[in-house]
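In what follows, a structure is listed as structure tokens, so that the remarks can point back to it.
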Amino acid sequence: MDTTPEQISARTAAAWTVALAVLGGFTGYAWDGPFLAVTCALSLAGGGAVGTVLSRRRIMTAVQEGQGKAAAHGYADGVADMMVLGISAYRAAVFPLSGPDAVDAAERVARRKAAYRLTAADGLPHQIREAAAAALEAIDDRDGHGTRSAMADLMEAVRKHRPTL
């Protein structure tokens, strides 16, 4: 079964039209017999069909706006996650666990460039961009305590940007 918003809207419109036709038929039959039953069924079904067609445009516009907002927010979340990953890789190159000589300068420079490129990506909210700049500055200064604090602030900024489900 197709569950796109367009198909759901079309099935809902059809269901309302049929329900109104049945209701009109029963009401008309109860009032005056078969002729009024058919008349009421056709008029209520026609009115329901026209109403659903007219309201469908607004509904589909609202759905498409919601999908656009969700896509933009999801993109920003993905970019923020990749940026955190790139900054974490740069941090690991600057402060390697196996000693100061474990990572050569070329790899450190490559990870730095990647982290800065990811931080400059489009779609990042301003708060996350500021926290990322602070983290990169602390890493560049080789400040271990400042880096831990800045990374925690960056993670908090990314977490706050995510919607609560």
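A simple rule links phi to the HN-Hα coupling: the Karplus curve 6.51 cos²θ - 1.76 cosθ + 1.60 with θ = phi - 60°, which for region 74-81 gives x, 4, 4, 5, x, 5, 5, 5 Hz, with x for Gly and Pro. Positive end of the dipole of region 18-165 (Cβ unit charges, origin at the Cα centre): among Gly47, His73, Ala157, the Cα lying farthest that way belongs to Gly47.
Taken about its Cα centre, region 42-165 carries a charge dipole of roughly 640 debye when the Cβ of each Lys and Arg holds +1 and the Cβ of each Asp and Glu holds -1. Applied to region 39-49, the Karplus parametrisation 6.51 cos²θ - 1.76 cosθ + 1.60 on θ = phi - 60° returns per-residue 3J(HN,Hα) values of 4, 5, 4, 5, 5, 5, 5, x, x, x, 5 Hz, with x for Gly and Pro.
Over the residues of the chain, the helix contribution to mean residue ellipticity at 222 nm works out to -29500 deg cm²/dmol, using -39500 (n - 2.57) for each DSSP H run of at least 4. Heavy-atom accessible surface of the chain, averaged per residue, reaches 65 Å², computed with a 1.4 Å probe. Packing-based ranking of 137-149, 97-109 yields 137-149, 97-109, ordered from highest to lowest mean Cβ neighbour count within 10 Å. Quote the FRET efficiency, to the nearest 0.05, computed for Gln64 versus Arg129 with a Förster distance R0 of 30 Å and r equal to the Cβ-Cβ distance. With a Förster radius of 30 Å, E is 0.60. Taking every protein chain into account, the 1.4 Å probe leaves Phe26 with about 150 Å² of accessible area, to the nearest ten. Between Asp141 and His161, the FRET efficiency estimated from the beta carbon spacing at R0 = 35 angstrom works out to 0.85.
Volume per residue of the convex hull around the Cα atoms, evaluated for the chain, comes out as 152 Å³. Shown is the FRET efficiency for Arg11 and Arg117, computed with R0 = 45 Å from the Cβ-Cβ distance and rounded to the nearest 0.05: 0.45. One chain, two ends: Trp31 and Leu97. Fully extended at 0.36 nm per residue, the span grows by 15.1 nm beyond their Cα-Cα distance.
The values are calculated or read from the model by the stated rules, or taken from the named source; none is laboratory data. What you see is a predicted model; the values in this text were computed from it and never measured. Cβ sites come from the backbone with ideal geometry, for glycine too, and all protein chains shown count toward neighbours. Protein only, heavy atoms only, side chains kept; ligands, DNA and RNA dropped before computing areas. Shrake-Rupley method; radii C 1.70, N 1.55, O 1.52, S 1.80 Å.
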